[in-house]
Amino acid sequence: MEKYVINGGNKLYGSVDVQTAKNSVLPLLAATVLTDEKVKILSIPDITDVKNMIKILSRLGCRTVFDGCNLIIDSSCADCYEIPSELAHELRSSLFLLGSVISRFHMAKIAYPGGCDIGLRPVDLHLTGLKRLGVDITEENGYIICKCDKLRGNEIMLDCPSVGATENIMLAAVKAEGTTVIKNAAREPEIEDLQKLLNCMGAKVRGAGSGTVVIEGVNELNGCEFLPIPDRIEAGTFLIAAAMCGGEVELTRVCAENLSSLLHKLRENGCKIHVNNDKIVLENHRRLTSVKSVETQPYPGFPTDLQAQITTLCCICRGQSIITENLFETRFKYVPELRKMGADITVINRNAFVRGVERFKGATVVAHDLRGGAALVTAALAADGMSSVLDISHIDRGYGAFEYKIRKLGGDIVRVSV
Ligand code: EPZ
């Protein structure tokens, strides 16, 4: 077990490069199973979820070569269609492999996936969509077992714009017979990135980002080289940290377009934000004013993955805020930890009611999930005095070189084994 020890109160100055997007790289890795040719994913982020996804690919028989920055995947020797529980439980995106593995083997067996404990996280939309493509699915002893003679294109209407279900169906449909239309598809930038990679591999996918994705099945896919989009959630986390601590922080290799809902809120708070091509600079030297409300929504609405971070910011703004979490049932587990740091925050059902206090006080707090853990780090950086953030393995799942980047900006943080 490891923890962060943080001495709060430093303003943040300087520039950091944003990693490639965790939530793009994971489905992109699943897509590499669809071809026997080599696929090179550039600038892989150094995070646990990616390492676990690589373990799963290796378990399927794929060969992977990592040169410290880029990852080459060769699936020509893939010979296994089963993902055991000890690997599937590590991360939610093991689920995305269902579509790819079924497309390759016409069989798939996967234990129910893991991932952050932020809600029920059902898989019904994934399974319903795959059934519409001709997949027979049974569930037994905690495993999802899929069989199909031939994948056939079909029209699929998603009850809600699920990111993972959209991606899983795209992966299963690219080599199906005929055309698949996904309606009420997720519009996240990561969906567009997956479309871009698949088309780079020779697929015929269009409409990602529009809410309706059309996939014309092709016979074969080829290898390619691909640079994923920047991680909008890592970028948003650093912008919020800068807003809370004060100072002037530049993010490079970032796509402001994918962060517009957050930039709008931070400007409303009183932050000065300059966007120049793939750079964003945030400057703040005073106590901010609360935004009245934040409601998480599917993209392009305010991202649920930044809910903990913006709520933490509101805790030290002037005024009151209401933050509503509309996507996941239990994504406020970080709130009792913030209260230990002096936050005045009450959660009733899906709403967090915040009254701004002057500053956080340093305390020992526990990370319960990836984004809540990152939010606690930002609170500790802005707090008066020393803090410890325990169980930071949750944070390692999605933030590469996190303490290195924070120290580069002037934050006083060290990783300690306990
Ligand atoms: C993806 O999870 C992301 N993970 C999550 O990021 C993100 O919070 C989420 O999308 C929403 O943006 C990855 O991409 C690896 P969903 P996913 O299916 O695909 C309901 C992070 O911190 N739903 O879009 O699991 C579900 O209950 C992680 O990086 C069903 O009802 O999310 C939720 O209310 C956390 N049935 C809503 O859809 C289903 O079959 C959105 O979930 C699937 C989902």
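The values are calculated or read from the model by the stated rules, or taken from the named source; none is laboratory data. This one's a predicted model, so the numbers in the text were calculated from it and none came from an experiment. So basically every Cβ, Gly included, is an ideal-geometry build from the backbone, and we count neighbours across all protein chains shown.
Assorted remarks:
- Residue check for VAL354: touching a residue at least 24 places away in the same chain (Cβ under 8 Å) and either over 21 Å from ASP17 (Cα atoms) or assigned by TED's automatic domain parsing to the domain that holds ILE316 (or both): yes
- Members of the range 1-57 that are small (Gly, Ala, Ser), within 16 Å of the ligand (Cβ to nearest atom) and in a loop (DSSP other than H, G, I, E, B): ALA21
- Checked against (1) under 22 Å from GLU216 (Cα atoms); (2) in contact with an Asp or Glu (Cβ under 9 Å, 6 or more places away or on another chain), ASP124 meets all criteria but (1).
- Pairs meeting the criteria (first residue in the range 151-163 and farther than 14 Å from LEU130 by Cα, second residue more than 9 Å from the ligand (Cβ to nearest atom) and part of a loop (DSSP other than H, G, I, E, B), beta carbons under 6 Å, at least 6 apart or on different chains) are PRO161/ASN184.
- Within the set ILE156, ILE118, ILE182, ILE110, the sole residue that is more than 11 Å from the ligand (Cβ to nearest atom), touching a Lys or Arg at 6+ places or on another chain (Cβ under 6 Å) and outside the structural domain of SER261 (by TED's automatic domain parsing) turns out to be ILE156.
- Residues that are in a helix (DSSP H, G or I) and more than 26 Å from ILE215 (Cα to Cα) within the range 58-103 comprise SER58, ARG59, SER85, GLU86, LEU87, ALA88, listed in sequence order.
- Residue satisfying all of: in the range 257-282; touching a helix residue (DSSP H, G or I) at 6+ places or on another chain (Cβ under 8 Å) and more than 16 Å from ARG232 (Cβ to Cβ); modelled with the highest pLDDT among these: CYS271
- Among the residues of the range 81-94, the ones that are within 11 Å of the ligand (Cβ to nearest atom) and touching an Asp or Glu at 6+ places or on another chain (Cβ under 9 Å) come to 3 in all.
- Residues in the range 127-144 that are modelled with pLDDT of 95 or more and either among the acidic types (Asp, Glu) or more than 16 Å from the ligand (Cβ to nearest atom) (or both): GLY134, ASP136.
- Residue check, GLU192 closer than 21 Å to ILE233 by Cα, of a type in the set (Asp, Glu) and within 13 Å of the ligand (Cβ to nearest atom): no
- Here ARG121 fulfils each of the conditions (1) under 24 Å from the mean Cα position of the chain (by Cα); (2) modelled with pLDDT of 95 or more; (3) surrounded by fewer than 19 Cβ atoms within 10 Å (Cβ to Cβ) apart from (2).
- Residue, farthest from LYS38 (Cα to Cα), within the range 171-195, restricted to residues that are part of a helix (DSSP H, G or I) and within 18 Å of the chain's Cα centre (by Cα): PRO189
- Looking across the range 159-170, the residues that are of a type in the set (S, T, N, Q) and either near the ligand (Cβ under 7 Å from one of its atoms) or under 10 Å from ASN184 (Cβ atoms) (or both) come down to SER162, THR166.
- Enumeration of residues in the range 59-114 that are touching a strand residue (DSSP E or B) at 6+ places or on another chain (Cβ under 9 Å), farther than 21 Å from ILE41 by Cβ and charged (D, E, K, R): GLU82, GLU86, LYS109
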